[in-house]
Amino acid sequence: MIDFDEIWRYQDEVRTQVNAYLGDCVWDINYNLARHCVELELDRHLDDDRLERMTSQFTLTADYEGEGEHGSLFALYP
């Protein structure tokens, strides 16, 4: 069974960390059931230095996934 409360907590945690580091710039955030990860797209494209610092800010394991239509993409694994 899927624990939606836990998924929402992960999403809130990620949004809070992004807002603390970059300000309000989350374009999209969702949970991918097939990959068991939180997928995050920002509304801006980050340079290499900010990408590295951003991934180190997360309390969840984070992978940079590339650049999307709106901004930088990340996958975060609980």
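The values are calculated or read from the model by the stated rules, or taken from the named source; none is laboratory data. All values derive from a computational prediction rather than experimental measurement. Note that each Cβ is placed from the backbone with ideal geometry, even for glycine, and that neighbours are counted across all protein chains shown.
Residue check: is Asp47 under 13 Å from the mean Cα position of the chain (by Cα) and free of Cβ contacts under 8 Å to residues at least 12 places away in the same chain?
no
One line per residue, one yes/no per condition, for (1) surrounded by 12 or more Cβ atoms within 10 Å (Cβ to Cβ); (2) of a type in the set (D, E, K, R); (3) in contact with a Lys or Arg (Cβ under 7 Å, 6 or more places away or on another chain):
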position: Thr16; (1), (2), (3): no, no, no
position: Asn19; (1), (2), (3): yes, no, no
position: Cys25; (1), (2), (3): yes, no, yes
position: Asp48; (1), (2), (3): no, yes, no
position: Gln57; (1), (2), (3): yes, no, no
position: Phe74; (1), (2), (3): yes, no, no
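For the range 25-63, enumerate the residues that are in contact with a Ser or Thr (Cβ under 6 Å, 6 or more places away or on another chain) and more than 17 Å from Arg9 (Cα to Cα).
Leu42, His45, Leu46
Taking into account only those residues within the range 14-37 that are touching a strand residue (DSSP E or B) at 6+ places or on another chain (Cβ under 6 Å) and part of a helix (DSSP H, G or I), which is nearest to Asp3 (Cα to Cα)?
Ranking the candidates gives Val14 first.
Taking Tyr64, is it modelled with pLDDT of 95 or more and aromatic (Phe, Trp, Tyr)?
yes
Which of (1) within 12 Å of the chain's Cα centre (by Cα); (2) among the β-branched types (Val, Ile, Thr); (3) not in a strand (DSSP E or B) does Ile7 not meet, given it meets every other one?
Against the list (1) within 12 Å of the chain's Cα centre (by Cα); (2) among the β-branched types (Val, Ile, Thr); (3) not in a strand (DSSP E or B), Ile7 comes up short only on (1).
Checking the conditions here, which among Leu76, Leu40 is touching a residue at least 40 places away in the same chain (Cβ under 8 Å) and not in a loop (DSSP other than H, G, I, E, B)?
None of the other options fit; the residue is Leu76.
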